[in-house]
1. Go through (1) over 23 Å from Asp180 (Cβ atoms); (2) exposed (fewer than 14 other Cβ atoms within 10 Å of the Cβ); (3) in contact with a Lys or Arg (Cβ under 8 Å, 6 or more places away or on another chain); (4) touching a residue at least 24 places away in the same chain (Cβ under 8 Å) and name the single condition His135 misses.
2. Taking the residues in segment 430-461 that are under 18 Å from the mean Cα position of the chain (by Cα) and outside any helix (DSSP H, G or I) as candidates, determine which candidate is modelled with the highest pLDDT.
3. State whether the residues of segment 304-311 include one that is closer than 17 Å to Met230 by Cα and touching a strand residue (DSSP E or B) at 6+ places or on another chain (Cβ under 8 Å).
4. Do any helices (runs of 4 or more DSSP H) entirely within segment 229-322 hold 1 or more residues that are among the aromatic types (Phe, Trp, Tyr), and if so, which?
5. When you go through (1) assigned to a strand (DSSP E or B); (2) closer than 21 Å to Glu312 by Cβ; (3) under 18 Å from the mean Cα position of the chain (by Cα); (4) of a type outside the set (D, E, K, R) one by one for Ile198, which number turns out not to apply?
6. Among the residues of segment 138-147, is any in contact with a Cys (Cβ under 9 Å, 6 or more places away or on another chain), in contact (Cβ under 8 Å) with a residue 40 or more places away in the chain, hydrophobic (A, V, I, L, M, F, W, C) and crowded, with 22+ Cβ neighbours inside 10 Å?
7. Quick one: which of Glu72, Glu90 is of a type in the set (Asp, Glu), buried (at least 18 other Cβ atoms within 10 Å of the Cβ), under 23 Å from the mean Cα position of the chain (by Cα) and in a loop (DSSP other than H, G, I, E, B)?
8. Could you look through segment 169-183, keep only residues that are part of a strand (DSSP E or B) and in contact with a Phe, Trp or Tyr (Cβ under 6 Å, 6 or more places away or on another chain), and pick out the one that is surrounded by the most Cβ atoms within 10 Å (Cβ to Cβ)?
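The values are calculated or read from the model by the stated rules, or taken from the named source; none is laboratory data. None of the values given here were measured: they were computed from a predicted structure. We place every Cβ from the backbone using ideal geometry, glycine too, and count neighbours over all the protein chains shown.
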Amino acid sequence: MNWQEIIYHLFTIGFLLYSALLLICYVAISILSIAEIRNYRHKNSFTDYRVLASSTELPSMSILAPAYNEGETIVENVRSLLSLHYNHLEVIIINDGSKDDSLNRLITTYDLHKIEYFVNEQIPTKPVKGVYKSHNPVYSKLTVVDKANGGKADALNVGVNIARNKYYVCIDVDCVLEQDAILKLAKPFLESTTKRVIAVGGVVRIANSCEIEGGRIVKVNLPDQFLPRMQTLEYIRAFLLGRMAWARLNGLLLISGAFGVFDKEIVIKCGGYNVKTVGEDMELVVRMRRYMEELKEPYRVSFIPDPLCWTEAPASFKILGRQRNRWARGTIETLRMHRKMFLNPDYGLLGMLSYPYWLFFEFLAPIIEFIGIIILILSWIMGIISHSVILLMIGVIIIGILYSVFAILMEVLTYNQYKRNKDILRLLLVAVLEPFIYHPFVVWSAIRGNIDLLRKKNSWGEMTRQGFAAQKKI
């Protein structure tokens, strides 16, 4: 046996073990997600949100929405935020030095005027240029902040400094929320009596091709375009299965920057968002959890499976590639910053299970896949590839497809947003095509993210959007 065959056989054994572990994780995630969703839906069946909406016991909330060059969607989305059903609410839009007409559109539409406002800078940030409020009492909940450009993390830190309420909701300004979204996010804070809830995440769904009027989703449609449709399945799988399972274990490491609520006091004690990483959402959650673990205080990070937030997904490979590149870099940076927790029993489940899972199956997965593809191609060229390895690869692909099919089944049995049989069939077709078209591109984008990190490239990359007005079709 020559050295090429030795390497090939070692790779085969390693890949087999990795695949077996991944299969075990898929099965465990599926079982845990079923249990957690059933538990949530059972408890939710006893909740009357109309009564809850009028309750004086609801915690006060501030919505923080950073905006950079969001002129195409900003007016419509601010209208959506102002129409939410919640008593103790303020809406803070942070204009992060936009180069387009985002600020002017807000000033004109909402009759905004610059006011004198003292900013309690508990977290250091870039300078605030001005704070704007409306003379129209209809928009009394709205505050617009204009600041020097410093990135999303810096904009959120400004929002935390300005927010007056106990909890804040972090969203992307291009998102559209369901009317009862904040009510449902507030519920875990009211229910928990023995553990402090420090953050709650919510499901994010794809709004492309949906009908939106007055800042509200009036009709849910499966995206017509190829990439947004692929992302629809990906989001269902990630949120409805993955994050629900980790919430069941109280091991959730990530709350999407597009939609989540945080305990402002803990965020400030942790130093706010880290402006030196492009994965500020994940890094903050990990740092908050680490802070609570080191204090030995009981806490929870919860998750809501209801489809409460809708966002515009990238419709081009160029923009999608930039997004996934950034996500990969953010994951690596967060894991590197908190490597002390790896297999450290002092951090409980966080160190012994959550961190290792993210290291081996989120960070390393695209690298292992990429290396595996290269080895397989070289093995085929050299004529040493075996039928067993081909069968193994086919088996891995089939398992991935079945996992996606299970996610679709869970969606149909729970929230069933896509009610036409034709749409379910299209999602099933996406599940079959994804491993061959979409997934390889995502893997390559993650590899480019690793390379860019080694090159010390830390930019976000421009994320241009069509705007929801263009999606009212149909």
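1. Exception for His135: condition (3).
2. Trp460
3. Kept after step one, since they are closer than 17 Å to Met230 by Cα, are these residues of segment 304-311: 310-311.
Next cut, touching a strand residue (DSSP E or B) at 6+ places or on another chain (Cβ under 8 Å) only: 310-311.
Checked against the condition, which is being closer than 17 Å to Met230 by Cα and touching a strand residue (DSSP E or B) at 6+ places or on another chain (Cβ under 8 Å), segment 304-311 yields at least one hit.
4. Filter on segment 229-322 gives 244-249, 280-295.
5. (2)
6. Step one: of segment 138-147, the residues in contact with a Cys (Cβ under 9 Å, 6 or more places away or on another chain) are none.
No: zero hits.
7. Criteria check complete, one pass: Glu72.
8. The selected residue is Ile171.
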